[in-house]
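The values are calculated or read from the model by the stated rules, or taken from the named source; none is laboratory data. A quick note: this is a predicted structure, and the numbers were derived from the prediction, not measured. Every residue, glycine as well, gets a Cβ built from its backbone with ideal geometry; the counts of neighbours run over all protein chains shown.
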Amino acid sequence: MKSITTHTVHESTHPAYSVARSKVQNVPWAHFDLGYSPAEFTHTAVIANDETVQDKGWADPNVLTKEFVEEKVWDRSTYTTEDGKLNRNKYVMYQGFKVPCNPVGRTGMTGRGLLGKYGANFAADPLVTRNDPESGMLQMVAIKRGDTGDWAIPGGMVDPNEEVTVTLKREFGEEALDTLGGEGATPEEKAERKAKVDEMLNETFKDGKVVYRGYVDDPRNTDIAWMETTCVHFHLKPEMQLASFTLKAGDDAAKVAWIDISDAEPRFVRLYASHKQLVMDAINLMYAREDVA
Ligand code: RP5
C-alpha cells in the first residue's frame, strides 16, 4: 500500500483532548502557513507516566534535555523514510530544542496529546477476515473502541522490545477474545482457556501478509508525536477454528463483531483513523494474489 501522505487529524476532535486544535491553513510543512500557532496539549496520563519520575512509566520525559533529544529522540526509527531514520532537516522547535516533526504535516497541536513518545509511536493492526458462512459476504473482525466509540481493527501499541508478531496476537487475543478476562472462572479455568486461545492464535497468525507499514491518520497525532503501524492481514479458511470461534470483547474494546466489508455497513464506512484504507488495500492485494494464482 502507498504511504499515507495526507491527513485529516487537524480537523478532528478527541474526547480526551481538553484543548482544541488551532486552525491549519496548509498541512504540508513545505507550504507557508503564516501565523500558524499550534495549541499545546499533553494529557495528564502522559505526564504522570514520565519514565524519569515513575518507575513503570511508559512516557518520555515532560521536560526535555539536550542529551535526551540527541541520544534518544533523534535515534528513533520511523517507517516513513526509506532508511528508517528520521530526517534531521525536518524538525520543529519544542521547549527550545529541534525535535522531529509529523511526517505528513501540521496538526494544529503541539505537545504529545495522549502519545507517550516524541516522534513515532508504534502500533500493530491484525486484520482478520473471512467469508461469512451464511451470506458468503467478506467480513472482518472489528472492535468498538472504548475511548472514541469508533469501530476499528483490534490493534494496539507495540510494547518496548516486543516483536510485532507478538503484539498482533496479544492485541487480538485481549480485545477480540478477552484473554485477560474470565470473570467468575477459577485461575485454572482461566489458564486453560488462555492456553486454548493462544494455541489457536499461533495456528491462525502463522501466515499473514503485511499490507502496510507507515503513518496512520490517528486523532491523537500532534506536530511532534504521531502513530505508525504495521498492518498484517489474515484471511481465514472456513475450516480454521477462529472462523467460527465466539468473539468476546475485552481490555480496551467495548464490543467486538464480524462486520461486513461493504459500503452498506456504516461501522465499516466510518472505521477509525486510516483503518478503512488499510482494509481496502488488504482486500485488493488478496484478490490480486488470487488472480496471479
Ligand atoms: C491506531 O491506533 C493504530 O492503527 C492502532 O489500531 C491503534 C493503536 O492504539 P490503541 O488501540 O492501543 O489505543 O493508530
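A few remarks follow.
- For first residues located in segment 81-95 and surrounded by fewer than 16 Cβ atoms within 10 Å (Cβ to Cβ) and modelled with pLDDT of 95 or more, partners that are outside any loop (DSSP other than H, G, I, E, B) and of a type in the set (A, V, I, L, M) and lie 6+ apart or on another chain with Cβ distances below 8 Å form the pairs M93/V99.
- Extreme residue, farthest from G173 (Cα to Cα), among residues of segment 247-267 that are without any contact (Cβ under 8 Å) to a residue 40 or more places away in the chain and out of contact with any helix residue (DSSP H, G or I) (no Cβ under 7 Å at 6 or more places or on another chain): A264
- The residues of segment 146-155 that are in contact with a helix residue (DSSP H, G or I) (Cβ under 9 Å, 6 or more places away or on another chain) and within 9 Å of the ligand (Cβ to nearest atom), listed by number, are A152, I153, P154, G155.
- Considering the conditions (1) touching a Cys at 6+ places or on another chain (Cβ under 7 Å); (2) part of a loop (DSSP other than H, G, I, E, B); (3) not hydroxyl-bearing (S, T, Y), D55 is excluded by exactly one of them, (1).
- Segment 94-150, subset basic (K, R) and part of a loop (DSSP other than H, G, I, E, B), residue nearest to the chain's Cα centre (by Cα): K117
- Any hit, segment 133-143, residues being touching a Pro at 6+ places or on another chain (Cβ under 6 Å), small (G, A, S), over 22 Å from Q277 (Cβ atoms) and away from the ligand (no atom under 13 Å from the Cβ): no
- Residue match in segment 65-86 (condition: under 16 Å from D217 (Cα atoms) and part of a strand (DSSP E or B)): no
- Flag if T5 is under 29 Å from D150 (Cα atoms) and either touching a strand residue (DSSP E or B) at 6+ places or on another chain (Cβ under 6 Å) or exposed (fewer than 12 other Cβ atoms within 10 Å of the Cβ) (or both): no
- Just one of (1) among the β-branched types (V, I, T); (2) within 26 Å of G57 (Cβ to Cβ); (3) touching a Lys or Arg at 6+ places or on another chain (Cβ under 7 Å) fails for I143. It is (2).
- Under the condition of being more than 16 Å from the ligand (Cβ to nearest atom), surrounded by fewer than 17 Cβ atoms within 10 Å (Cβ to Cβ) and in contact (Cβ under 8 Å) with a residue 24 or more places away in the chain, the residues counted in segment 156-199 number 2.
- In segment 241-255, of all residues being of a type in the set (A, V, I, L, M, F, W, C) and touching a Lys or Arg at 6+ places or on another chain (Cβ under 7 Å), the one that is modelled with the highest pLDDT corresponds to A254.
- When restricted to residues that are out of contact with any His (no Cβ under 6 Å at 6 or more places or on another chain), closer than 30 Å to S244 by Cα and crowded, with 23+ Cβ neighbours inside 10 Å, segment 104-152 contains 10.
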